[in-house]
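Reviewing the structure listed below.
None of the figures in this text is laboratory data; all of them are computed from the coordinates on show. What you are looking at is a predicted structure, and each value in this text was computed from that prediction instead of being measured. Here the Cβ positions follow ideal geometry from the backbone for every residue, glycine too, while neighbour counts run over all protein chains shown.
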Amino acid sequence: MCAGAYGHVLAPPLAVLRWLKQVQLTSCSRKLLLHLSAVLHKAEWAQRVAKTSCVGWLFSDGDSALQELLCTHLILPNILWARDFLADHLDEIAGGRMFALEKANNSLRPIVIGSLWCQYAARLDVAKVRSNVAAFFMSQYMNFIQFGGESDGATRCAQVTQLLAAAWAQQSDENPLVVIQLDSVNAYHSADWQAQFDVLAGRASKSYDNGHVHMVDYIPCPSSLRHCWSYFESMQGTASTLHFSDYQGQAHKIACSKGGQQGDAFETVRFAVTTFPSFGRVFVRHAAGTGAAICDDVFIVALLAEGLALAAELKQVLKRDLGLDLDVPKFNCFFPG
């Protein structure tokens with residue numbers, strides 16, 4: 001038993017007590033863990049954890065066993081994998097703070113920083129699934145790799161693209177080797193919601209890929225993400241609230257149709273996994289080409305004729321299956337060497 005943040009006594013769950021008997025923790029860590037575990041299993045755990053400063057301290061304690069328990073047995077089940085993920089405040093958690101940045105062409109670009117609760121939960125879950133997702137991306141298709149969700153994914157994508165281009169031994173002036181770069185318009189928030197959950201479920205609820213994928217057909221998905229259904233449902237299925245302060249300091253609330261922000265690390269994984277089967281199936285049909293992607297930035301390495309044919313089919317499939325439009329002004333065709 002341990003004293004709660006408001007003076008009354010809270011009991012930690014039995015699973016935590018049993019686990020504590022099997023590991024070695026510092027005395028202070030043990031007391032904080034007991035308190036935190038009890039708080040997390042009470043109805044008002046969010047407010048109580050917010051009023052304690054133990055969470056950040058626990059992660060800097062240097063106790064790997066404690067961190068594993070905190071992530072696997074407390075945080076993930078109670079924050080991410082429960083549908084009542086702070087239900088009374090879900091619109092705020094799924095939203096964030098919005099800024100307006102001026103682009104080079106004088107247009108405005110809205111940028112949203114997700115709520116701290118969402119960032120904290122997302123980073124924990126990304127750390128938990130990253131290795132499984134990376135292995136999945138590397139093993140599904142012989143000529144296409146996705147690097148979305150990796151901490152250094154952009155660098156690896158660029159390096160692999162250069163290696164793919166350097167591997168070509170023969171080409172002609174009439175049909176030279178090219179690297180084609182594709183990008184999607186407002187990609188994160190335009191991807192079809194139904195397609196996203198079909199991928200997470202591992203089964204198609206409609207036809208995809210010009211009829212090559214039928215209803216109830218299997219769709220590949222990293223096994224670790226099957227446990228995160230409730231998190232994505234909470235983020236994507238909630239009309240979120242954004243907070244914006246204008247140049248006069250006036251605060252505004254902006255209602256959105258759903259949550260999940262582009263800067264959210266787990267949204268990067270979600271988008272990459274959702275689009276991966278569509279990209280992969282097209283690349284399989286164009287076996288003479290190779291490619292790599294970092295989220296919605298896709299690089300096709302192929303001879304010119306094959307590369308253009310691959311890009312044209314991707315444009316059709318992405319629009320029909322995922323509701324994504326390619327950003328034509330960002331279309332680039334490079335001629336290595």
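Here are the numbers for this structure:
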quantity: Distance between modelled label sites at Ile111 and Ala158, nm, 7 Å Cα→Cβ extension; calculated: 1.9
quantity: Peptides 294-305, 265-276, 203-214 ordered by average Cβ neighbours within 10 Å, highest first; calculated: 265-276, 294-305, 203-214
quantity: Long pairs among Lys128/Lys319; Lys253/Lys330; Lys258/Lys319; Lys253/Lys319; Lys103/Lys258, criterion Cα-Cα beyond 27 Å; calculated: Lys128/Lys319; Lys253/Lys330; Lys253/Lys319
quantity: Contour minus Cα-Cα distance for Asn332 and Ala127 (0.36 nm per residue); calculated: 70.5 nm
quantity: Length released on extending from Gln140 to Phe244, taking residue separation times 0.36 nm less the Cα-Cα span; calculated: 33.3 nm
quantity: Largest-first principal axis extents of the Cα set of segment 96-334 (Å); calculated: 61, 45, 31
quantity: Alpha carbon centroid spacing (whole Å) that separates segment 124-164 from segment 171-201; calculated: 15
quantity: Length released on extending from Ala201 to Lys319, taking residue separation times 0.36 nm less the Cα-Cα span; calculated: 40.3 nm
quantity: Simple Cβ-charge dipole of segment 197-296, Lys/Arg +1 and Asp/Glu -1, about Cα centre, in debye nearest 20; calculated: 200
